[in-house]
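Remarks on the structure that follows.
The values are calculated or read from the model by the stated rules, or taken from the named source; none is laboratory data. Quantities reported herein were computed from a predicted structural model and do not represent experimental measurements. Heads up, the Cβs are rebuilt from the backbone with ideal geometry, glycines too, and the neighbour counts pull from every protein chain shown. The accessibility values were calculated without ligands, DNA or RNA, using every heavy atom of the protein model including side chains. Shrake-Rupley method; radii C 1.70, N 1.55, O 1.52, S 1.80 Å.
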Amino acid sequence: ADMERLVERLEKAVERLETVCQGSGMCGDAPAKGVAQYVQAFDALLAGPVAEYTKISKEVGGDVQKHAEMVHAGLMSERALLVVASQHQQPAENAFSDLLKPISEQIQAVQNFREKNRGSKLFNHLSAVSESIPALGWVAMAPKPGPYVKEMTDAAMFYTNRILKEYKDVDKKQVDWVKAYLSIWTELQAYIKEYHTTGLTWSKTGPVATAGAKAAPAPPAGIAPPPPGPPPPPPAPVSSSTDDSASRSALFAQINRGEGITSGLRHVSDDMKTHKNPALKNQGGPVRSGPKPFTAPKPACNANPSQGTSPKAPPLLELEGKKWRVENQENATNLVISDTELKQVAYVFKCTNSTLQIKGKINSITLDNCKKLGLVFDDVVGIVEIINSRDVKVQVMGKVPTISINKTDGCHVYLSKSSLDCEIVSAKSSEMNVLIPTEGGDFTEFPVPEQFKTVWNGQKLVTTVTEIAG
(Lines give C-alpha, C1' and ligand atoms only; values in the text may rest on other atoms or scores of the structure.)
Protein backbone atom coordinates (compact mmCIF):
# COMPACT_ATOMS: atom_id res chain seq x y z
CA ALA A 1 0.00 0.00 0.00
CA ASP A 2 2.86 2.40 0.85
CA MET A 3 4.51 1.60 -2.46
CA GLU A 4 1.28 2.31 -4.38
CA ARG A 5 0.88 5.68 -2.67
CA LEU A 6 4.49 6.52 -3.49
CA VAL A 7 3.95 5.66 -7.16
CA GLU A 8 0.82 7.83 -7.30
CA ARG A 9 2.65 10.81 -5.81
CA LEU A 10 5.54 10.45 -8.24
CA GLU A 11 3.17 10.14 -11.20
CA LYS A 12 1.31 13.29 -10.18
CA ALA A 13 4.62 15.16 -9.86
CA VAL A 14 5.68 14.08 -13.36
CA GLU A 15 2.27 14.99 -14.85
CA ARG A 16 2.39 18.48 -13.39
CA LEU A 17 5.96 18.95 -14.60
CA GLU A 18 4.95 17.93 -18.12
CA THR A 19 1.98 20.33 -18.05
CA VAL A 20 3.85 23.43 -16.94
CA CYS A 21 6.98 22.78 -19.01
CA GLN A 22 5.35 22.44 -22.43
CA GLY A 23 6.07 25.15 -24.94
CA SER A 24 8.34 27.56 -23.15
CA GLY A 25 10.72 25.00 -21.71
CA MET A 26 10.46 26.76 -18.34
CA CYS A 27 8.86 25.20 -15.29
CA GLY A 28 6.53 26.99 -12.93
CA ASP A 29 4.31 30.02 -13.35
CA ALA A 30 5.93 33.37 -13.77
CA PRO A 31 8.16 33.00 -10.73
CA ALA A 32 7.50 35.90 -8.44
CA LYS A 33 10.11 34.52 -6.06
CA GLY A 34 12.75 34.40 -8.81
CA VAL A 35 13.47 30.75 -9.56
CA ALA A 36 17.04 30.43 -10.80
CA GLN A 37 17.47 29.64 -14.46
CA TYR A 38 19.49 26.51 -13.77
CA VAL A 39 16.73 25.17 -11.51
CA GLN A 40 14.25 25.71 -14.34
CA ALA A 41 16.60 23.90 -16.73
CA PHE A 42 16.84 20.98 -14.31
CA ASP A 43 13.03 20.89 -14.16
CA ALA A 44 13.01 20.60 -17.95
CA LEU A 45 15.32 17.59 -17.66
CA LEU A 46 12.93 16.03 -15.12
CA ALA A 47 9.97 16.64 -17.41
CA GLY A 48 11.81 15.26 -20.47
CA PRO A 49 14.26 12.32 -20.24
CA VAL A 50 13.42 11.46 -16.62
CA ALA A 51 9.67 11.38 -17.28
CA GLU A 52 10.22 9.16 -20.33
CA TYR A 53 12.44 6.78 -18.34
CA THR A 54 9.87 6.63 -15.51
CA LYS A 55 7.05 5.96 -17.98
CA ILE A 56 8.83 3.10 -19.75
CA SER A 57 10.02 1.64 -16.44
CA LYS A 58 6.40 1.51 -15.30
CA GLU A 59 5.52 -0.38 -18.49
CA VAL A 60 8.34 -2.86 -17.91
CA GLY A 61 7.13 -3.19 -14.31
CA GLY A 62 8.51 -5.31 -11.49
CA ASP A 63 11.92 -4.50 -10.05
CA VAL A 64 12.67 -2.04 -12.85
CA GLN A 65 9.67 0.08 -11.87
CA LYS A 66 10.64 0.05 -8.18
CA HIS A 67 14.20 0.99 -9.08
CA ALA A 68 12.97 3.87 -11.25
CA GLU A 69 10.99 5.25 -8.32
CA MET A 70 14.18 5.32 -6.24
CA VAL A 71 16.10 7.01 -9.06
CA HIS A 72 13.39 9.66 -9.36
CA ALA A 73 13.53 10.26 -5.60
CA GLY A 74 17.30 10.77 -5.88
CA LEU A 75 16.86 13.29 -8.69
CA MET A 76 14.28 15.17 -6.62
CA SER A 77 16.76 15.28 -3.72
CA GLU A 78 19.26 16.75 -6.14
CA ARG A 79 16.73 19.35 -7.26
CA ALA A 80 16.20 20.34 -3.62
CA LEU A 81 19.96 20.95 -3.31
CA LEU A 82 19.97 23.04 -6.50
CA VAL A 83 17.22 25.24 -5.02
CA VAL A 84 19.31 25.71 -1.88
CA ALA A 85 22.40 26.58 -3.96
CA SER A 86 20.44 29.10 -6.01
CA GLN A 87 19.37 30.98 -2.88
CA HIS A 88 22.42 30.64 -0.62
CA GLN A 89 26.14 31.25 -0.66
CA GLN A 90 28.51 28.29 -0.61
CA PRO A 91 28.75 26.78 2.90
CA ALA A 92 31.66 25.37 4.86
CA GLU A 93 32.76 21.81 4.06
CA ASN A 94 31.01 20.15 7.01
CA ALA A 95 27.71 21.91 6.28
CA PHE A 96 27.96 20.94 2.62
CA SER A 97 28.47 17.30 3.61
CA ASP A 98 25.21 17.46 5.58
CA LEU A 99 23.43 18.92 2.55
CA LEU A 100 24.71 16.03 0.43
CA LYS A 101 23.38 13.36 2.80
CA PRO A 102 19.92 12.96 1.19
CA ILE A 103 21.53 12.34 -2.20
CA SER A 104 24.04 9.87 -0.75
CA GLU A 105 21.24 8.01 0.99
CA GLN A 106 19.28 7.71 -2.27
CA ILE A 107 22.37 6.42 -4.08
CA GLN A 108 22.85 3.85 -1.36
CA ALA A 109 19.19 2.78 -1.47
CA VAL A 110 19.41 2.19 -5.24
CA GLN A 111 22.55 0.07 -4.87
CA ASN A 112 21.21 -1.87 -1.90
CA PHE A 113 18.09 -2.74 -3.89
CA ARG A 114 20.27 -4.30 -6.60
CA GLU A 115 22.20 -6.33 -4.02
CA LYS A 116 18.98 -7.61 -2.44
CA ASN A 117 17.59 -8.74 -5.81
CA ARG A 118 20.47 -10.61 -7.38
CA GLY A 119 18.08 -13.36 -8.43
CA SER A 120 15.88 -10.97 -10.39
CA LYS A 121 15.20 -11.74 -14.06
CA LEU A 122 15.87 -8.05 -14.68
CA PHE A 123 19.23 -8.08 -12.89
CA ASN A 124 21.03 -6.49 -15.87
CA HIS A 125 18.63 -3.54 -15.66
CA LEU A 126 19.21 -3.19 -11.92
CA SER A 127 22.97 -3.41 -12.41
CA ALA A 128 23.02 -0.77 -15.17
CA VAL A 129 21.25 1.67 -12.86
CA SER A 130 23.25 0.71 -9.77
CA GLU A 131 26.61 1.14 -11.51
CA SER A 132 25.76 4.60 -12.87
CA ILE A 133 23.64 6.13 -10.08
CA PRO A 134 26.73 7.62 -8.31
CA ALA A 135 26.57 10.19 -11.14
CA LEU A 136 24.17 12.07 -8.84
CA GLY A 137 27.27 12.94 -6.82
CA TRP A 138 28.46 15.38 -9.53
CA VAL A 139 27.43 18.25 -7.25
CA ALA A 140 30.51 17.50 -5.13
CA MET A 141 32.91 16.90 -8.03
CA ALA A 142 34.71 20.19 -8.63
CA PRO A 143 36.34 21.12 -10.94
CA LYS A 144 35.19 18.44 -13.44
CA PRO A 145 31.63 17.34 -12.69
CA GLY A 146 30.79 16.66 -16.35
CA PRO A 147 33.56 14.09 -16.96
CA TYR A 148 32.60 12.42 -13.68
CA VAL A 149 29.03 11.88 -14.93
CA LYS A 150 30.41 10.43 -18.18
CA GLU A 151 32.63 8.06 -16.21
CA MET A 152 29.65 6.79 -14.24
CA THR A 153 27.58 6.45 -17.42
CA ASP A 154 30.29 4.37 -19.06
CA ALA A 155 30.20 2.05 -16.04
CA ALA A 156 26.63 1.09 -17.02
CA MET A 157 27.54 0.19 -20.61
CA PHE A 158 28.54 -3.40 -19.81
CA TYR A 159 25.01 -4.13 -18.64
CA THR A 160 23.09 -1.98 -21.12
CA ASN A 161 24.94 -3.73 -23.96
CA ARG A 162 23.80 -7.06 -22.52
CA ILE A 163 20.20 -5.85 -22.43
CA LEU A 164 20.40 -4.65 -26.04
CA LYS A 165 21.92 -7.94 -27.13
CA GLU A 166 19.24 -9.95 -25.33
CA TYR A 167 16.18 -7.95 -26.40
CA LYS A 168 17.23 -6.30 -29.69
CA ASP A 169 15.00 -8.47 -31.86
CA VAL A 170 12.64 -9.62 -29.12
CA ASP A 171 11.22 -6.68 -27.14
CA LYS A 172 11.50 -3.11 -28.43
CA LYS A 173 10.30 -1.77 -25.09
CA GLN A 174 13.52 -2.97 -23.42
CA VAL A 175 15.59 -1.22 -26.08
CA ASP A 176 13.60 1.97 -25.54
CA TRP A 177 14.25 1.63 -21.80
CA VAL A 178 18.01 1.59 -22.37
CA LYS A 179 17.84 4.65 -24.62
CA ALA A 180 15.63 6.55 -22.19
CA TYR A 181 17.82 5.77 -19.18
CA LEU A 182 21.11 6.67 -20.86
CA SER A 183 19.59 9.89 -22.22
CA ILE A 184 19.15 11.12 -18.63
CA TRP A 185 22.89 11.16 -18.09
CA THR A 186 23.62 12.49 -21.59
CA GLU A 187 21.29 15.42 -20.99
CA LEU A 188 22.70 15.91 -17.51
CA GLN A 189 26.21 16.25 -18.96
CA ALA A 190 24.96 18.98 -21.33
CA TYR A 191 23.15 20.66 -18.42
CA ILE A 192 26.31 20.64 -16.27
CA LYS A 193 28.42 21.98 -19.13
CA GLU A 194 26.07 24.96 -19.50
CA TYR A 195 25.35 25.84 -15.88
CA HIS A 196 27.92 24.16 -13.61
CA THR A 197 31.04 23.73 -15.75
CA THR A 198 33.59 23.66 -12.93
CA GLY A 199 31.30 22.71 -10.06
CA LEU A 200 27.95 23.45 -8.44
CA THR A 201 27.07 27.13 -8.91
CA TRP A 202 26.14 28.92 -5.67
CA SER A 203 24.41 32.26 -5.25
CA LYS A 204 26.65 35.26 -4.65
CA THR A 205 24.01 36.83 -2.41
CA GLY A 206 21.77 35.61 0.39
CA PRO A 207 22.77 33.81 3.59
CA VAL A 208 25.45 31.16 3.76
CA ALA A 209 23.87 27.73 3.40
CA THR A 210 23.63 25.55 6.49
CA ALA A 211 22.44 22.01 7.13
CA GLY A 212 19.00 23.38 8.05
CA ALA A 213 18.69 25.21 4.73
CA LYS A 214 17.77 22.04 2.88
CA ALA A 215 14.19 22.14 4.21
CA ALA A 216 13.72 25.91 4.20
CA PRO A 217 13.11 26.83 0.54
CA ALA A 218 9.66 26.00 -0.78
CA PRO A 219 9.53 24.46 -4.26
CA PRO A 220 8.39 26.81 -7.01
CA ALA A 221 4.93 26.59 -8.52
CA GLY A 222 4.45 23.61 -10.78
CA ILE A 223 6.55 21.19 -8.73
CA ALA A 224 4.49 18.79 -6.70
CA PRO A 225 6.73 16.72 -4.37
CA PRO A 226 5.33 16.90 -0.84
CA PRO A 227 7.19 19.30 1.48
CA PRO A 228 9.78 19.39 2.85
CA GLY A 229 11.32 17.23 0.16
CA PRO A 230 10.85 14.16 -2.05
CA PRO A 231 9.09 11.06 -0.68
CA PRO A 232 11.47 8.47 0.75
CA PRO A 233 12.24 5.27 -1.18
CA PRO A 234 11.22 1.87 0.17
CA PRO A 235 13.16 1.18 3.37
CA ALA A 236 16.53 -0.42 2.84
CA PRO A 237 19.10 -1.20 5.52
CA VAL A 238 22.19 0.95 5.43
CA SER A 239 25.41 -1.00 5.62
CA SER A 240 28.70 0.81 5.39
CA SER A 241 30.51 -2.49 4.90
CA THR A 242 28.61 -3.41 1.75
CA ASP A 243 28.27 -0.01 0.14
CA ASP A 244 31.51 1.04 -1.47
CA SER A 245 30.26 3.34 -4.22
CA ALA A 246 28.30 5.78 -2.03
CA SER A 247 31.26 6.37 0.28
CA ARG A 248 33.54 6.57 -2.76
CA SER A 249 31.58 9.60 -4.00
CA ALA A 250 32.24 11.37 -0.71
CA LEU A 251 35.91 10.41 -0.93
CA PHE A 252 36.19 11.86 -4.45
CA ALA A 253 34.66 15.07 -3.17
CA GLN A 254 37.44 15.33 -0.57
CA ILE A 255 40.18 14.53 -3.08
CA ASN A 256 38.91 17.14 -5.54
CA ARG A 257 39.38 19.89 -3.02
CA GLY A 258 42.99 20.08 -4.19
CA GLU A 259 45.20 22.16 -1.94
CA GLY A 260 42.21 22.96 0.24
CA ILE A 261 42.25 19.40 1.58
CA THR A 262 44.89 20.44 4.12
CA SER A 263 42.85 23.38 5.42
CA GLY A 264 41.45 21.33 8.30
CA LEU A 265 44.83 20.16 9.62
CA ARG A 266 46.02 21.51 12.95
CA HIS A 267 49.25 23.48 13.05
CA VAL A 268 51.93 21.96 15.28
CA SER A 269 54.00 24.63 17.02
CA ASP A 270 57.65 24.21 17.99
CA ASP A 271 56.83 23.66 21.67
CA MET A 272 54.79 20.59 20.67
CA LYS A 273 57.65 18.93 18.73
CA THR A 274 59.71 16.40 20.68
CA HIS A 275 62.91 17.08 18.71
CA LYS A 276 62.73 20.77 19.75
CA ASN A 277 61.36 20.13 23.24
CA PRO A 278 63.06 17.00 24.69
CA ALA A 279 61.07 17.24 27.92
CA LEU A 280 58.02 15.94 26.08
CA LYS A 281 59.69 12.57 25.53
CA ASN A 282 59.49 11.65 29.20
CA GLN A 283 55.89 12.72 29.85
CA GLY A 284 54.47 9.41 28.75
CA GLY A 285 56.57 7.31 31.15
CA PRO A 286 59.74 5.31 30.52
CA VAL A 287 60.74 4.71 26.94
CA ARG A 288 59.92 1.18 25.77
CA SER A 289 62.97 -0.97 25.27
CA GLY A 290 63.41 -4.26 23.51
CA PRO A 291 62.99 -5.36 19.92
CA LYS A 292 60.96 -3.25 17.58
CA PRO A 293 57.63 -4.66 16.43
CA PHE A 294 57.72 -6.45 13.12
CA THR A 295 57.11 -4.26 10.07
CA ALA A 296 56.27 -5.91 6.81
CA PRO A 297 58.59 -4.88 3.98
CA LYS A 298 57.10 -2.60 1.38
CA PRO A 299 56.15 -4.48 -1.78
CA ALA A 300 58.21 -3.73 -4.85
CA CYS A 301 55.09 -3.18 -6.91
CA ASN A 302 51.96 -1.54 -5.62
CA ALA A 303 48.74 -3.09 -6.96
CA ASN A 304 47.06 0.30 -7.18
CA PRO A 305 49.79 2.88 -7.73
CA SER A 306 48.87 6.52 -7.50
CA GLN A 307 48.53 8.12 -10.89
CA GLY A 308 50.20 11.20 -9.53
CA THR A 309 53.57 9.50 -9.03
CA SER A 310 54.42 9.24 -12.71
CA PRO A 311 53.45 10.90 -15.97
CA LYS A 312 50.36 9.51 -17.62
CA ALA A 313 51.27 6.96 -20.25
CA PRO A 314 49.56 7.11 -23.66
CA PRO A 315 46.84 4.55 -24.50
CA LEU A 316 48.01 1.63 -26.57
CA LEU A 317 46.42 -1.16 -28.63
CA GLU A 318 48.89 -2.89 -30.94
CA LEU A 319 50.32 -6.26 -31.94
CA GLU A 320 53.96 -6.62 -30.91
CA GLY A 321 55.29 -9.87 -32.31
CA LYS A 322 52.82 -12.43 -31.00
CA LYS A 323 51.57 -10.27 -28.12
CA TRP A 324 48.56 -7.96 -28.29
CA ARG A 325 49.28 -5.03 -25.96
CA VAL A 326 46.27 -3.11 -24.63
CA GLU A 327 47.50 -0.52 -22.16
CA ASN A 328 46.38 2.68 -20.37
CA GLN A 329 42.94 2.77 -21.98
CA GLU A 330 40.39 4.96 -20.16
CA ASN A 331 36.66 5.25 -20.89
CA ALA A 332 37.12 3.26 -24.10
CA THR A 333 33.94 1.23 -24.59
CA ASN A 334 34.52 -0.23 -28.05
CA LEU A 335 37.96 -1.86 -28.00
CA VAL A 336 38.06 -4.85 -30.36
CA ILE A 337 40.79 -7.31 -31.32
CA SER A 338 39.57 -9.35 -34.29
CA ASP A 339 42.57 -10.47 -36.35
CA THR A 340 43.79 -13.18 -33.95
CA GLU A 341 45.86 -16.34 -34.30
CA LEU A 342 46.24 -19.37 -32.06
CA LYS A 343 49.84 -18.55 -31.05
CA GLN A 344 49.05 -15.00 -29.96
CA VAL A 345 48.57 -13.77 -26.40
CA ALA A 346 46.87 -10.64 -25.06
CA TYR A 347 48.23 -8.51 -22.23
CA VAL A 348 45.81 -5.89 -20.87
CA PHE A 349 47.44 -3.42 -18.47
CA LYS A 350 46.09 -0.44 -16.51
CA CYS A 351 42.81 -0.09 -18.38
CA THR A 352 39.95 1.71 -16.61
CA ASN A 353 36.22 2.00 -17.31
CA SER A 354 36.63 0.24 -20.65
CA THR A 355 35.35 -2.79 -22.52
CA LEU A 356 37.45 -5.11 -24.68
CA GLN A 357 36.26 -7.82 -27.07
CA ILE A 358 38.68 -10.43 -28.39
CA LYS A 359 37.37 -12.44 -31.35
CA GLY A 360 38.61 -15.81 -32.53
CA LYS A 361 40.88 -18.29 -30.76
CA ILE A 362 43.91 -17.07 -28.81
CA ASN A 363 46.54 -18.69 -26.59
CA SER A 364 46.12 -16.72 -23.34
CA ILE A 365 44.85 -13.45 -21.88
CA THR A 366 46.24 -11.51 -18.89
CA LEU A 367 44.49 -8.62 -17.12
CA ASP A 368 46.89 -6.68 -14.91
CA ASN A 369 46.11 -3.58 -12.80
CA CYS A 370 42.76 -3.00 -14.45
CA LYS A 371 39.72 -1.33 -12.89
CA LYS A 372 36.09 -1.52 -14.01
CA LEU A 373 37.03 -3.41 -17.15
CA GLY A 374 34.65 -5.61 -19.15
CA LEU A 375 36.29 -8.41 -21.17
CA VAL A 376 34.44 -10.58 -23.70
CA PHE A 377 36.32 -13.28 -25.60
CA ASP A 378 35.55 -16.29 -27.78
CA ASP A 379 38.09 -19.08 -27.12
CA VAL A 380 41.33 -19.37 -25.12
CA VAL A 381 43.39 -22.57 -25.33
CA GLY A 382 45.60 -21.77 -22.34
CA ILE A 383 44.67 -19.58 -19.37
CA VAL A 384 42.97 -16.30 -18.54
CA GLU A 385 44.78 -14.54 -15.68
CA ILE A 386 43.33 -11.65 -13.66
CA ILE A 387 45.81 -10.05 -11.27
CA ASN A 388 46.01 -6.85 -9.18
CA SER A 389 42.65 -5.69 -10.51
CA ARG A 390 39.34 -4.38 -9.22
CA ASP A 391 35.71 -4.58 -10.38
CA VAL A 392 36.29 -6.57 -13.57
CA LYS A 393 33.76 -8.61 -15.54
CA VAL A 394 34.82 -11.45 -17.82
CA GLN A 395 32.49 -13.23 -20.24
CA VAL A 396 33.38 -16.45 -22.04
CA MET A 397 31.55 -16.93 -25.34
CA GLY A 398 33.31 -20.18 -26.29
CA LYS A 399 35.73 -22.35 -24.26
CA VAL A 400 38.51 -21.73 -21.76
CA PRO A 401 40.22 -24.42 -19.63
CA THR A 402 41.45 -22.27 -16.73
CA ILE A 403 40.78 -18.87 -15.20
CA SER A 404 43.15 -17.59 -12.50
CA ILE A 405 42.14 -14.75 -10.15
CA ASN A 406 44.91 -13.32 -7.97
CA LYS A 407 45.02 -10.21 -5.74
CA THR A 408 41.74 -8.95 -7.19
CA ASP A 409 38.72 -7.39 -5.46
CA GLY A 410 35.47 -7.76 -7.35
CA CYS A 411 35.42 -10.21 -10.25
CA HIS A 412 32.39 -11.56 -12.14
CA VAL A 413 32.97 -14.49 -14.51
CA TYR A 414 30.19 -15.30 -17.00
CA LEU A 415 30.63 -18.83 -18.34
CA SER A 416 29.15 -20.20 -21.56
CA LYS A 417 27.48 -23.61 -21.76
CA SER A 418 30.57 -25.03 -23.46
CA SER A 419 32.94 -23.71 -20.77
CA LEU A 420 31.24 -25.16 -17.68
CA ASP A 421 34.20 -27.51 -17.11
CA CYS A 422 36.52 -24.52 -16.67
CA GLU A 423 38.78 -24.57 -13.58
CA ILE A 424 38.77 -21.32 -11.59
CA VAL A 425 41.79 -20.84 -9.31
CA SER A 426 41.78 -17.92 -6.88
CA ALA A 427 44.15 -16.51 -4.26
CA LYS A 428 44.23 -13.34 -2.12
CA SER A 429 41.01 -12.13 -3.78
CA SER A 430 37.51 -11.12 -2.68
CA GLU A 431 34.00 -10.52 -4.05
CA MET A 432 34.29 -13.17 -6.73
CA ASN A 433 31.20 -14.56 -8.46
CA VAL A 434 30.72 -17.13 -11.20
CA LEU A 435 27.57 -16.85 -13.32
CA ILE A 436 26.23 -20.04 -14.88
CA PRO A 437 23.86 -19.88 -17.90
CA THR A 438 20.37 -21.36 -17.54
CA GLU A 439 18.10 -22.92 -20.14
CA GLY A 440 16.10 -19.70 -20.36
CA GLY A 441 19.12 -17.64 -21.36
CA ASP A 442 19.58 -15.98 -17.95
CA PHE A 443 22.45 -16.49 -15.53
CA THR A 444 22.51 -17.92 -12.01
CA GLU A 445 25.15 -16.37 -9.79
CA PHE A 446 27.34 -18.38 -7.40
CA PRO A 447 29.87 -16.75 -5.04
CA VAL A 448 33.41 -18.14 -4.89
CA PRO A 449 34.32 -19.04 -1.26
CA GLU A 450 36.69 -16.67 0.50
CA GLN A 451 36.70 -18.12 4.02
CA PHE A 452 38.15 -21.50 4.94
CA LYS A 453 38.63 -23.73 7.97
CA THR A 454 41.80 -25.74 8.57
CA VAL A 455 42.14 -28.53 11.18
CA TRP A 456 44.79 -31.10 12.09
CA ASN A 457 43.38 -34.64 11.66
CA GLY A 458 46.32 -36.37 13.36
CA GLN A 459 48.33 -36.85 10.20
CA LYS A 460 47.94 -33.74 8.06
CA LEU A 461 46.16 -30.40 7.74
CA VAL A 462 42.69 -30.61 6.24
CA THR A 463 41.14 -27.45 4.79
CA THR A 464 37.43 -27.03 3.99
CA VAL A 465 35.15 -24.16 3.07
CA THR A 466 33.47 -22.66 6.14
CA GLU A 467 29.71 -22.51 6.41
CA ILE A 468 29.84 -19.18 8.25
CA ALA A 469 27.83 -16.56 6.40
CA GLY A 470 29.40 -13.23 5.96
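Of the strands (runs of 3 or more DSSP E) contained entirely in region 317-359, those carrying at least 3 residues that are crowded, with 16+ Cβ neighbours inside 10 Å fall at 323-327, 345-349. Within region 107-151, being open to solvent by 10 Å² or more (accessible area, probe 1.4 Å), assigned to a helix (DSSP H, G or I) and under 18 Å from residue 177 (Cβ atoms) holds for 113, 114, 123, 124, 131. Inspection of region 451-463 finds no residue satisfying the criterion of being in contact with an Asp or Glu (Cβ under 7 Å, 6 or more places away or on another chain) and either basic (Lys, Arg) or not assigned by the TED database to the domain that holds residue 122 (or both). Those strands (runs of 3 or more DSSP E) of region 375-470 in which at least 2 residues are of a type in the set (S, T, N, Q), considering only elements entirely within it, cover 402-406, 430-437, 461-465. Checked against (1) in contact with a strand residue (DSSP E or B) (Cβ under 9 Å, 6 or more places away or on another chain); (2) surrounded by fewer than 17 Cβ atoms within 10 Å (Cβ to Cβ); (3) in contact (Cβ under 8 Å) with a residue 24 or more places away in the chain, residue 441 passes all but condition (1). If only residues of region 395-411 that are free of Cβ contacts under 8 Å to residues at least 24 places away in the same chain, open to solvent by less than 30 Å² (accessible area, probe 1.4 Å) and not small (Gly, Ala, Ser) are counted, the one that is farthest from residue 424 (Cα to Cα) is 395. Is it fair to say residue 28 is modelled with pLDDT under 95 and surrounded by fewer than 15 Cβ atoms within 10 Å (Cβ to Cβ)? Taking the combined requirement at face value, the residue does not satisfy it. Just one of the listed residues (423, 431) is surrounded by fewer than 17 Cβ atoms within 10 Å (Cβ to Cβ), over 17 Å from residue 158 (Cβ atoms) and among the acidic types (Asp, Glu), namely 423.
Listed by first and then second residue, the pairs with beta-carbon distance under 9 Å, at least 6 apart or on different chains, first residue in region 173-185 and in the same structural domain as residue 146 (by the TED database) and surrounded by fewer than 18 Cβ atoms within 10 Å (Cβ to Cβ), second small (Gly, Ala, Ser) and part of a helix (DSSP H, G or I), are 183/48.
All conditions but one from (1) farther than 29 Å from residue 312 by Cα; (2) touching a strand residue (DSSP E or B) at 6+ places or on another chain (Cβ under 8 Å) apply to residue 421; the one that does not is (2).
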